[in-house]
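Have a look at the structure below, then the notes.
The values are calculated or read from the model by the stated rules, or taken from the named source; none is laboratory data. The model shown is predicted, which means the values in this text are computed figures rather than measured ones. Neighbour counts are summed over all protein chains in view; Cβ atoms, including those assigned to glycine, are modelled from backbone coordinates with ideal geometry.
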Amino acid sequence: MLIGFTIVAAPLLFAIVNAAVQMNRLSTRSEQLVVQGVRATRNNQRMFEEIGALERTARLYQIIGNADLLDVYARNHDRLIATVNELLGLPLDAETRDGARALENEAERLHEELKHDTPNSARMTDLINAFPELSDMASKVSDRISAQIDSELSNQQLATQGAQRNLFWGALLAVALTIASCAAMSSPGRWMNQTLIKSGLRSSSRRTRSRAAAGESTLMIGGSSSSS
């Protein structure tokens with residue numbers, strides 16, 4: 001009986017342990033996604049701030065023509081590239097990663113043109129008019145990152161709910177199996193006790209009948225001797 005219980009319970013216990021391990025992994029992954037979401041949000045904000053700073057510096061350079069503004073632009077540009085690289089360090093999908101790289105390449109192109117263009121030139125006007133497009137590229141990258149994280153969090157939530165259901169039903173089945181096994185193991189004992197009692201009663205009854213029959217035979221023999 002114990003061996004049978006072990007054979008039946010072992011797969012169930014394995015399923016419970018597996019569900020618990022899965023719950024732990026899902027919890028860890030959810031925490032990672034939250035951290036990634038915070039990092040992505042912070043980097044997205046910095047990216048828009050740095051693009052705005054680049055555009056303002058380029059407009060000032062177009063008006064004033066001070067070469068010191070080129071150094072200011074270069075520092076802002078370096079910060080933007082560093083922010084984009086931080087975003088690329090996140091586990092992004094292929095389309096989002098391509099969009100971030102395209103934004104980085106466009107920022108590099110604008111920086112190179114700014115260094116070689118003269119203030120108040122037609123090319124400088126075209127360069128400044130390209131900044132709204134750079135902002136649009138940043139918006140698309142930001143939106144895709146947010147959508148990707150939201151989708152992964154939603155999938156993690158569904159997976160966690162499934163693991164919780166599996167753990168609940170596994171525990172419930174384990175309790176039911178334990179109760180059934182205990183009942184099955186105690187039933188043979190009661191049956192054996194009842195069998196022994198009944199057997200003892202039958203043996204006692206047979207002994208009583210045998211004694212009674214022996215007594216009657218003795219009386220009959222005694223009576224026959226008296227008559228003679």
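Here are a few things to note about the model shown:
- Residue check for Ala82: within 24 Å of Gln32 (Cα to Cα), surrounded by 12 or more Cβ atoms within 10 Å (Cβ to Cβ), of a type in the set (Gly, Ala, Ser) and at pLDDT below 90: no
- Check on Glu106, under 28 Å from the mean Cα position of the chain (by Cα) and among the acidic types (Asp, Glu): no
- Odd one out for Gly99 among (1) closer than 15 Å to Arg56 by Cβ; (2) under 48 Å from the mean Cα position of the chain (by Cα): (1)
- Residue within the range 129-140 that is over 40 Å from the mean Cα position of the chain (by Cα) and either at positive phi or surrounded by 13 or more Cβ atoms within 10 Å (Cβ to Cβ) (or both) present: yes
- In the range 111-126, the residues that are in contact (Cβ under 8 Å) with a residue 40 or more places away in the chain and surrounded by 19 or more Cβ atoms within 10 Å (Cβ to Cβ): Leu114, Met124
- Of all the numbered requirements in (1) within 16 Å of Arg46 (Cα to Cα); (2) at pLDDT 90 or above; (3) not aromatic (Phe, Trp, Tyr), Arg97 misses one, and that requirement is (1).
- Candidates Leu90, Leu60, Leu54, filtered to the one that is buried (at least 20 other Cβ atoms within 10 Å of the Cβ) and among the hydrophobic types (A, V, I, L, M, F, W, C): Leu54
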